[in-house]
Each structure stands twice: as structure tokens, then as C-alpha cells.
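Following this message is one structure expressed as C-alpha cells.
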Amino acid sequence: MDFTVREIERLSDQGMTGFTLTDKPEMIGLPELWEDYWTPMWQLFNDRELVANFHIGAGARPEDLAAIRDPRNQPRSTQRLSTSAVSPTWSEFGQQRRLATWATQLYMSNLRIIVNMCMSNLFDRFPKLKIVSAESGIGWVPFALEALEFQFDEMVTDPDEIRHAKKRPAEYFRDHIYVMFWFEKSAPERLIDVIGARNVLVETDIPHPTCLYPNPKEHFVRVLSGLDPETIKRVLQDNAAELYKIQLPAPVTTS
């Protein structure tokens, strides 16, 4: 942890404002992200107003990635014992279908970190903390927030469980968490106002095979055309500029 803090400080001093973390450190033998072990790191993120990015798949273990390459290498007995060890794809698929099947499921893998953070006291302890769910898409987010709010009301009945809570889970989301999209069509047109225009970022996914090349501008014009100009500006520019402290050029004025 001392090295982690020093490295974040070093890069922050050079102007870096965002850092990518694993969302499942316990899978490599480290404590869970809510534990005291991580307090120096979270405190640094909070004090310097840095951004913690969680990229989909960043918590995958080597054996999980090996299963994607060839799920037939994984023992059948292990698959029966642990759902975490089961390949996300069927063994009869070729490499390209395996990648496409895995990628489709992977977009929603950050649901775990988002829900856990919004149900925890992390944002009460570090009120300036900002979280980005990278490359995860946005279409599934409204359902996740509805489910989180519903389960919070229906299942969390012990006051001691939520004695820390200053806000509801969805409020923590809107104050601290950002999600992003690129290829989606229906979600940008219909769901940005439900998610919150201040919580949505865009990406192009370059240089991945699924990137928007060669016409990203045309794509965003098309899928955002039904929104008001202020929302479009916020999604395409202002959210990212404010979040990562990007200096924008002064607007051109004409006499």
C-alpha cells in the first residue's frame, strides 16, 4: 500500500487525474476494497479529487482468461464445484464466438462493484470520491438502480445495517458514479435522463475491434439527436472535462 500511495502521488504530481483499479482484489489475495487496508489510497483519491476507474474484466484471474481462450482446458469437476470457475462460453464455440459471448456478458460485470459501493459506507467516509465504470455500457443501469432501491427497501430492515447511510443507494450513484457508452443506440436515446445526464460519458473504444471507427462523430450525432443541446454538450464534453479536470479551450467569440 505504501508503494501504491507513492505511485499515485508521483503520477498525480505530473498531472494524472484518473487511475484504473481492479474491482476484485480479493481474487489475488488482497483485502476487499472497503477494508482498512485501502484507507490510505481512498483518502488520497478523496483529498486530491482523483478518479478511480474500474474497467470491465480488470478483476479476472489468469484461469478465467484461460477459460476464454479454450474452455475445454477447464476440468469438468471444477465447473461443478464453483460457478466462478465455470467458463462464460460453451466449449463448442470457436475463438471468435467465445470472445463475442464473453464480451457481451462482460459489459455488465461492473454491476458488482457499483452495487457494493452504493450499499456501503465508502462514500460517507470519502465524500469527494468519484468512480467511473469504464467500457460497461449504460442500457442495464436503470434496471440495476431500480433493483438496488427495491431490494434496499424490501430486505434491509435492521437499522444497524444502514446506520452509516446518509443517502439512498441511487443517490450515492448519482453523486459519485459515472458510466459510459459507445455502440449503443436505444439507451442514449431513451435512458440518459433516467440515469442522469451528469453521470454519462462517451467513448469510442479505439483500438478494439468493436470500436466506432471510422465514423464516431456521425454515430453520436445520430444516437443523441433527440436530446436537448445542453444534455448533449454535457455528455460529450462537460462531464469528462469536470471529472478529469481537463482544461477546455476558450470559446471562440465573434465581434
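Could you tell me how many of the residues in segment 229-255 are open to solvent by 40 Å² or more (accessible area, probe 1.4 Å) and within 29 Å of residue 128 (Cβ to Cβ)?
So the count comes out to 14.
I've got another one for you. Contact list please: Cβ distance under 6 Å, first residue in segment 225-242 and closer than 18 Å to residue 18 by Cα, second residue open to solvent by 80 Å² or more (accessible area, probe 1.4 Å) and not in a helix (DSSP H, G or I), pairs at least six apart or on different chains.
Short answer, once both residue conditions are applied: 241/248.
Could I ask something else about it? Residue by residue through segment 13-41, note down the ones that are under 20 Å from residue 132 (Cβ atoms), assigned to a loop (DSSP other than H, G, I, E, B), of a type outside the set (Asp, Glu) and open to solvent by less than 70 Å² (accessible area, probe 1.4 Å).
Matches in segment 13-41: 15, 17, 22, 24, 33.
Search segment 222-255 for residues being β-branched (Val, Ile, Thr) and over 25 Å from the mean Cα position of the chain (by Cα), and hand back the single one that is modelled with the lowest pLDDT.
Top of the filtered list is 254.
Let me ask something else. Here are some residues: 213, 172. Which one is over 19 Å from residue 234 (Cβ atoms), part of a helix (DSSP H, G or I) and out of contact with any Lys or Arg (no Cβ under 7 Å at 6 or more places or on another chain)? Walk me through it before giving the result.
On the way: 213 fails: part of a helix (DSSP H, G or I).
Of 213, 172, the one residue that is over 19 Å from residue 234 (Cβ atoms), part of a helix (DSSP H, G or I) and out of contact with any Lys or Arg (no Cβ under 7 Å at 6 or more places or on another chain) is 172.
Also, quick follow-up: Pairs, please: C-beta under 7 Å, at least 6 apart or cross-chain, first residue under 17 Å from residue 115 (Cβ atoms) and in contact (Cβ under 8 Å) with a residue 60 or more places away in the chain and in segment 127-138, second in a loop (DSSP other than H, G, I, E, B) and of a type in the set (Lys, Arg)?
none
Only one of these conditions is not met by residue 58: (1) open to solvent by 30 Å² or more (accessible area, probe 1.4 Å); (2) modelled with pLDDT under 95; (3) in a helix (DSSP H, G or I). Which number is it?
It is condition (3) that residue 58 fails.
The values are calculated or read from the model by the stated rules, or taken from the named source; none is laboratory data. What you are looking at is a predicted structure, and each value in this text was computed from that prediction instead of being measured. Every residue, glycine as well, gets a Cβ built from its backbone with ideal geometry; the counts of neighbours run over all protein chains shown. Heavy atoms of the whole protein, side chains included, go into the accessibility calculation; ligands, DNA and RNA do not. Shrake-Rupley method; radii C 1.70, N 1.55, O 1.52, S 1.80 Å.
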